[in-house]
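Peer 1: The structure under discussion is supplied below as structure tokens; questions concerning it will follow.
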Amino acid sequence: MGVGWAGQVYPYVKSAGVYACPDDSTKSVPEANATAVPVSYSVNLDITRTDGNVKGSIPALAAPAKTILLCEAYSTIAVITDPYETTTNPNHYHSSATNGPGNTQGTNIVDGLATGCLGGDPGTCPGPNAYGWVHYNTARHTDGSNFLLADGHAKWFRGASVSKGDDASGAACNQDNNPAIAGCTGGSNTAAGTDNSVFAVTFSTR
């Protein structure tokens, strides 16, 4: 599902500091086997999931320049120097994957995404849900946050410009399929497609 992505790419990155945003106050935590370090970013679950929907490569994406690869998160730590992010502390898990409200995998002490209200939906912002990890009401950088897009460029967006949720069934589909468009399926927690003009970028790969 994309969980542990930071440890998988660490041999190529070779620097723990790259994973931490300077404005993320999360601290490193020593463990018996290594040190769990801040990972200020969460990978797009719609790209990395391995339950039959994995896209796997940039050519498999409909519009890499409009599909999010990484978004900013709060309070995640992981042993990224180990490819499997092996931990000896039951309160520490792995670097996370998400596509916004309702679907986050691998978080540990994470407070949520540091993006502000995603998708222009104030209903996602009041505070944590039953799982304790949805806190979208505070963006990290002046009412917005930084996103890495799948084509490799990074850009700052307000949360309202970013569509959240599971893959859209088509490029022109609306977020949450509302209003419905002929040929589009899905409902609550479905991202807008990459050709949808309402949002600048989306978690959807289609």
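The values are calculated or read from the model by the stated rules, or taken from the named source; none is laboratory data. None of the values given here were measured: they were computed from a predicted structure. Don't worry about glycine lacking a Cβ; one is built from the backbone with ideal geometry, like all the others, and counts go over all protein chains shown. Please note that ligands, DNA and RNA were not included when accessible areas were found on the heavy atoms of the full protein model with its side chains. Shrake-Rupley method; radii C 1.70, N 1.55, O 1.52, S 1.80 Å.
Peer 1: Which one of the conditions (1) open to solvent by 10 Å² or more (accessible area, probe 1.4 Å); (2) part of a loop (DSSP other than H, G, I, E, B); (3) modelled with pLDDT under 90 does Thr115 fail to meet, given that it meets all the rest?
Peer 2: Of (1) open to solvent by 10 Å² or more (accessible area, probe 1.4 Å); (2) part of a loop (DSSP other than H, G, I, E, B); (3) modelled with pLDDT under 90, only one is false for Thr115: (1).
Peer 1: What single numbered condition from (1) in contact (Cβ under 8 Å) with a residue 12 or more places away in the chain; (2) open to solvent by 30 Å² or more (accessible area, probe 1.4 Å) fails to hold for Thr202?
Peer 2: For Thr202, the exception is condition (2).
Peer 1: Answer yes or no as to whether Pro101 is open to solvent by 30 Å² or more (accessible area, probe 1.4 Å) and either more than 23 Å from Asp51 (Cα to Cα) or at pLDDT below 75 (or both).
Peer 2: It is false that Pro101 is open to solvent by 30 Å² or more (accessible area, probe 1.4 Å) and either more than 23 Å from Asp51 (Cα to Cα) or at pLDDT below 75 (or both).
Peer 1: Would you tally the residues in the stretch 162-206 being at negative phi and within 15 Å of the chain's Cα centre (by Cα)?
Peer 2: The total comes to 12.
Peer 1: Output the residue which, of all residues in the stretch 20-40 that are open to solvent by 50 Å² or more (accessible area, probe 1.4 Å) and among the hydroxyl-bearing types (Ser, Thr, Tyr), is modelled with the lowest pLDDT.
Peer 2: Among them, the one singled out is Ser25.
Peer 1: Please determine whether any residue of the stretch 171-188 is hydroxyl-bearing (Ser, Thr, Tyr) and surrounded by fewer than 19 Cβ atoms within 10 Å (Cβ to Cβ).
Peer 2: Restricting attention to the stretch 171-188, the residues satisfying the condition of being hydroxyl-bearing (Ser, Thr, Tyr) are 185, 188.
Those left that are additionally surrounded by fewer than 19 Cβ atoms within 10 Å (Cβ to Cβ): 185, 188.
Within the stretch 171-188, one or more residues are hydroxyl-bearing (Ser, Thr, Tyr) and surrounded by fewer than 19 Cβ atoms within 10 Å (Cβ to Cβ).
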